[in-house]
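Notes to accompany the following structure.
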Amino acid sequence: MAITIRALAQALDAQGWGDLDLPVTGASEPGATGPVGPKGGVIALAMSPKYAETLKPGSMAILAQGMDPQAFGLKAAIFAPRPRLLMAGLTRAFDPGPDIAPGIHPTAIIDPSAQVGEGAAIGPFVVIGADVRIGSGARIGPHVSIGRGSRLGDDALIHAGARIAHGVTAGHRLIVQPGAVIGGDGFSFVTPEESGIEEIRRTLGTREGIKQQHWTRIHSLGGVEIGDDVEIGANATIDRGTIRATRVGNGTKIDNLVMLGHNVVVGDDCLLCSQVGIAGSSKVGNRVVLAGKVGVSDNIEIGDDVIAGGASKIFTRVPAGRVILGNPAVKMETQMEIQKAMRRLPRFAQQVAKLQETVTRLLEKG
Amino acid sequence: MAITIRALAQALDAQGWGDLDLPVTGASEPGATGPVGPKGGVIALAMSPKYAETLKPGSMAILAQGMDPQAFGLKAAIFAPRPRLLMAGLTRAFDPGPDIAPGIHPTAIIDPSAQVGEGAAIGPFVVIGADVRIGSGARIGPHVSIGRGSRLGDDALIHAGARIAHGVTAGHRLIVQPGAVIGGDGFSFVTPEESGIEEIRRTLGTREGIKQQHWTRIHSLGGVEIGDDVEIGANATIDRGTIRATRVGNGTKIDNLVMLGHNVVVGDDCLLCSQVGIAGSSKVGNRVVLAGKVGVSDNIEIGDDVIAGGASKIFTRVPAGRVILGNPAVKMETQMEIQKAMRRLPRFAQQVAKLQETVTRLLEKG
Amino acid sequence: MAITIRALAQALDAQGWGDLDLPVTGASEPGATGPVGPKGGVIALAMSPKYAETLKPGSMAILAQGMDPQAFGLKAAIFAPRPRLLMAGLTRAFDPGPDIAPGIHPTAIIDPSAQVGEGAAIGPFVVIGADVRIGSGARIGPHVSIGRGSRLGDDALIHAGARIAHGVTAGHRLIVQPGAVIGGDGFSFVTPEESGIEEIRRTLGTREGIKQQHWTRIHSLGGVEIGDDVEIGANATIDRGTIRATRVGNGTKIDNLVMLGHNVVVGDDCLLCSQVGIAGSSKVGNRVVLAGKVGVSDNIEIGDDVIAGGASKIFTRVPAGRVILGNPAVKMETQMEIQKAMRRLPRFAQQVAKLQETVTRLLEKG
């Protein structure tokens, strides 16, 4: 695949410079690119001065606004007004994507009652259950299974070995990475009598009546409802709801190995980074960002626009717009003060001991 | 599927009220239910006053003891003596489960030496190895693989894409959610000379002799032994033991993305919530509850009836019956005090600084 | 499989004792072994005095140097100079491994352009894409998929249901446990205007301009490059790079449920234990050990020979050779002091309060 500097600049809504007819076949780090001839080649990504240092004369590059292509001896350049945003368009242009051949592979098993929209590419050994509806333009990799009655919108991209159980509904442009599981049963159990967990919630930590207890499953009748433009990471798991559905809003992106418990509701345009876990029935607002390894307790609410730093553990309600950090999570600035104080703590203890001594001497003297 | 109020109340060991002949076809939140005609319909779950507020006159509901169905204008009701317990029976009654057709799918590959009990439902593309024994009533979803010599008891439910390696033994009523891996190799490696890890365990944190080290695998000859009534969550992993088996006791429930290392022993009736990790050779007693993201170091012992709060990190032995929290985990009440003190720490530092000043002045004056 | 004491001792580079012609058929704990006849049997592992207590007279055992086989009444023994190292050789000798039949299973789908080396054992329902190259001696379990253009060296062992995407390169002797995903797309998104995350990085935690934001994917054009002798655990995930490859060095071992983000570089001979997460573009040196549940922020660097204790959370650069612990991770000895001080904190607060009182009285008196 090749595209001219002119066409690429236009596609990226950016400005071109130099020989606009040079063909671009890919993008890479400056160190991995070199001078190009009339057949063009790979364009270097050099949007920061640090990267630009290794640019070679005679090559093509994407530069930040204000950088001088002549100073680097470039043949052609594209100026990026907002480098990371340009990266989105650029990488999309050159991504060949996974290799799922057009049409339905003969080994795929699709229930006669299922409906698959136009232009689908369905890979080997895929299993699609009864009454499933899949929109147009779907790409479904090998070994995917989709259970009874699930519905996906248009342009779904379901990678190899992803598991979509029965009763899952998703909007358009759903992306599911390999091995993700959508619609497993909720982790919801009950004991005939009060359990130890219920006891310590009532007593705030004291155990009196320890006894035998067997766990009985509460089944998950609810499904999972997913909005448009959602992405779900490799080996992430989203459990089905108990009575109502577990829900993920439009535009929310979920990273690898994330866990959403039963009945969880996540709003629109959130980022849930890798290894985040949200326990049953908690509610997360819109545009919330949870960094890697953040944990959210069950049955709590996180307001809109909250940002939680890496590995924060959230045990209580968080008001909208707050930036939090730590275990237990508190306001980021408070956490920073606590950490500073903690590091000083050993020295601080010595100081108090000395003070104590002085005061004792003062008392004796007095 | 429909069942009368009378039959449902009886199945739930609860008391019915009103038109006991009305058919119930499902259960939902009060907001998603409405008035029913003689053909019945969906019953509302309104076991707490908060949920009951949205009940519609003419509908059917499950209420807590002492609530007045007439005040809500209901046509029929069932009284729940212990609401969460009733949920178990109710949801079981209406759960259609995954759609695995009866019989053995023609694409399943079952070794001639394997024995599958009566009434099995085995899905497409399942692979069952040599000498496997599976009890009666098994339901095995698509793309599951079961390795040489593994044994499952009666009524196993193995969801899509679960991986059971060779040499795994499980009791009756095993449930494995999609993508779980039982019997992967243990993470056990050794260096020809003392490794950095061995060094810092010996020196308590000091590194003197840093050198090259290559890791050689210790193979896992032990399998995995699982009791009756165990459930294993989506994408959870349980490694095989080195010499003896990794073990999970009767009635223990394991959530999504949990990791049990090689040689781990977990007792009966435990709950291991999502993203819990237990490192190699540690031993967990009976009726232990580890909340989400709890970590347990290798080679330690956790007594019976321990409850560990969310994200606790357990580095040392925990006596039976203790309720713990934090990183490192300590008694929950101690942790609460520590957290309170930590939040006060910055203010506290100011207070000491002021005290220091005062004492200095006193000294100068004296 | 059986091997004489003589041959086993020789294979383990260790010294035999007693009846060197006795055949050994396996290895187990002393409690699970007993007296053997001329046909031999299972050898007991009794390298520490604790384990040796349960040795039965007439049995065979592996002992530590200096232990006396006659005192235990053994028929034969092998002396282990370094017990854990001997375990590696011993368990390798008796590991039957997974059951993948030689040859290519007729249900496997291998693209005509793919090249599979000599002696391959490829299981049922495997899917291998275009232009894939796999070295000699590969063993590939059921339901594995390998995407377009990926290359594996000799003697690869890919367990059931592992997912290797397109553009992944690995050296010799790669081991991938079940369900691992190599080459999923990176979690890299951008908003048209400054996002909340960029804002708080700039303002260090303050949010002023909260607004709508939709996330646009930055595609992952880079692949994954893996060295020789690497092992990847069950359900672990390694994302592909954005422009250059995500990289794992020679001899590095990765445990279950570990996550490596896009562009991450991990050096040689590292151990990454279960549930470790390394965020995008971070760089880990050689011989680094990250214990279970360690988290590493994005875009930071960890020097050679660093060891991080369980559940450490690493937010900033770590110099080579350092041993760290805690959240946030600091030097292990500092962390130990902080923890000691924290446990004393409530008592300490009382002490300061009392001191305050005394000083107030002194002041009044003065």
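The values are calculated or read from the model by the stated rules, or taken from the named source; none is laboratory data. Computed from a prediction, not measured in an experiment: that's the story for all the values here. FYI the Cβ positions are ideal-geometry reconstructions off the backbone, even for glycines, and counts take in every protein chain you see.
Here are a few things to note about the model shown:
- For the range B:8-38, residues that are polar (S, T, N, Q) and buried (at least 16 other Cβ atoms within 10 Å of the Cβ) total 2.
- Some residue of the range A:318-339 being in the same structural domain as residue A:237 (by TED's automatic domain parsing) and touching a Cys at 6+ places or on another chain (Cβ under 6 Å): no
- For the range B:174-221, filtering for residues that are touching a strand residue (DSSP E or B) at 6+ places or on another chain (Cβ under 6 Å), over 28 Å from residue C:159 (Cβ atoms) and either more than 8 Å from chain C (Cβ to nearest Cβ) or of a type in the set (A, V, I, L, M) (or both) leaves 1.
- Whichever residue in the range A:292-305 is within 22 Å of residue C:276 (Cα to Cα) and in a loop (DSSP other than H, G, I, E, B) and, among such residues, is farthest from the other protein chains (Cβ to nearest Cβ): A:294
- The range B:119-150, residues that are hydrophobic (A, V, I, L, M, F, W, C), on the phi < 0 side of the Ramachandran plot and assigned to a loop (DSSP other than H, G, I, E, B): B:120, B:126, B:130, B:132, B:138, B:144
- Looking across the range B:173-187, just one residue is part of a loop (DSSP other than H, G, I, E, B) and surrounded by fewer than 24 Cβ atoms within 10 Å (Cβ to Cβ), and that is B:173.
- Taking the criterion of being within 16 Å of the chain's Cα centre (by Cα) and over 14 Å from residue C:275 (Cα atoms), the residues of the range C:306-333 that qualify are C:306, C:307.
- A search for C-beta distances below 9 Å between a residue of the range B:179-197 that is within 17 Å of residue C:273 (Cα to Cα) and not assigned by TED's automatic domain parsing to the domain that holds residue B:147 and any residue that is surrounded by 24 or more Cβ atoms within 10 Å (Cβ to Cβ) and of a type in the set (Lys, Arg), counting only pairs 6+ apart in sequence or on different chains, returns nothing.
- Qualifying residue in the range C:156-163 (condition: over 20 Å from the mean Cα position of the chain (by Cα), over 20 Å from residue B:182 (Cβ atoms) and modelled with pLDDT of 95 or more): no
- In the range C:268-285, of all residues being surrounded by fewer than 24 Cβ atoms within 10 Å (Cβ to Cβ) and closer than 18 Å to residue C:316 by Cα, the one that is farthest from the other protein chains (Cβ to nearest Cβ) corresponds to C:283.
- Enumeration of residues in the range C:100-146 that are in contact (Cβ under 8 Å) with a residue 24 or more places away in the chain, hydrophobic (A, V, I, L, M, F, W, C) and farther than 20 Å from residue C:166 by Cβ: C:100
- Candidate set: the range C:53-63, residues that are out of contact with any helix residue (DSSP H, G or I) (no Cβ under 6 Å at 6 or more places or on another chain) and part of a loop (DSSP other than H, G, I, E, B); chosen: the one modelled with the lowest pLDDT: C:53
- Screening residue A:357 with (1) buried (at least 17 other Cβ atoms within 10 Å of the Cβ); (2) at pLDDT 85 or above; (3) not assigned by TED's automatic domain parsing to the domain that holds residue A:263 gives one miss only, at (1).
- Of all residues in the range C:226-239, none satisfies being free of Cβ contacts under 8 Å to residues at least 40 places away in the same chain and either part of a loop (DSSP other than H, G, I, E, B) or touching a helix residue (DSSP H, G or I) at 6+ places or on another chain (Cβ under 7 Å) (or both).
- Taken as a whole, the structure leaves residue A:159 outside the set of residues that are in the same structural domain as residue A:257 (by TED's automatic domain parsing) and in contact with a Lys or Arg (Cβ under 6 Å, 6 or more places away or on another chain).
- So residue B:311, is it buried (at least 24 other Cβ atoms within 10 Å of the Cβ) and more than 11 Å from chain A (Cβ to nearest Cβ): no
- Scanning the range C:120-134 for residues that are surrounded by fewer than 19 Cβ atoms within 10 Å (Cβ to Cβ) and under 28 Å from the mean Cα position of the chain (by Cα) yields C:121, C:133.
- In the range A:138-153, residue nearest to residue C:188 (Cα to Cα) [restricted to those that are within 12 Å of chain B (Cβ to nearest Cβ) and among the hydrophobic types (A, V, I, L, M, F, W, C)]: A:144
- When the range B:39-52 is filtered for residues that are part of a loop (DSSP other than H, G, I, E, B) and touching a helix residue (DSSP H, G or I) at 6+ places or on another chain (Cβ under 8 Å), the ones remaining, listed by number, are B:47, B:48.
- Those residues of the range A:20-48 which are more than 14 Å from every other protein chain (Cβ to nearest Cβ) and out of contact with any Ser or Thr (no Cβ under 9 Å at 6 or more places or on another chain), in sequence order: A:37, A:38
- Matching residues, the range B:64-103, being within 14 Å of another protein chain (Cβ to nearest Cβ) and either part of a strand (DSSP E or B) or touching an Asp or Glu at 6+ places or on another chain (Cβ under 7 Å) (or both): B:80
- Of all residue pairs spaced 6 or more apart or on separate chains, those with beta-carbon atoms under 9 Å, a first member in the range C:151-171 that is on the phi > 0 side of the Ramachandran plot and a second member that is surrounded by fewer than 22 Cβ atoms within 10 Å (Cβ to Cβ) and modelled with pLDDT under 95 are C:167/A:96.
- When residue C:97 is tested against (1) of a type in the set (Gly, Ala, Ser); (2) surrounded by 18 or more Cβ atoms within 10 Å (Cβ to Cβ); (3) more than 30 Å from residue C:18 (Cα to Cα), exactly one condition is not met: (2).
- Top-ranked residue of the range C:47-71 - restricted to ones that are in contact with a strand residue (DSSP E or B) (Cβ under 7 Å, 6 or more places away or on another chain) and of a type in the set (A, V, I, L, M, F, W, C), ranked as nearest to residue C:21 (Cα to Cα): C:60
- Of all the listed residues (B:289, B:264, B:258), the sole one being closer than 24 Å to residue A:278 by Cβ and within 12 Å of chain C (Cβ to nearest Cβ) is B:258.
- Residue within the range B:221-239 that is more than 16 Å from residue C:84 (Cα to Cα), modelled with pLDDT of 95 or more and of a type in the set (Ser, Thr, Tyr) present: yes
- Selection over the range B:111-137 of residues that are within 13 Å of another protein chain (Cβ to nearest Cβ), under 21 Å from residue B:172 (Cβ atoms) and hydrophobic (A, V, I, L, M, F, W, C) gives a count of 5.
- The range B:154-172, residues that are assigned to a loop (DSSP other than H, G, I, E, B) and within 10 Å of chain A (Cβ to nearest Cβ): B:159, B:160, B:161, B:162
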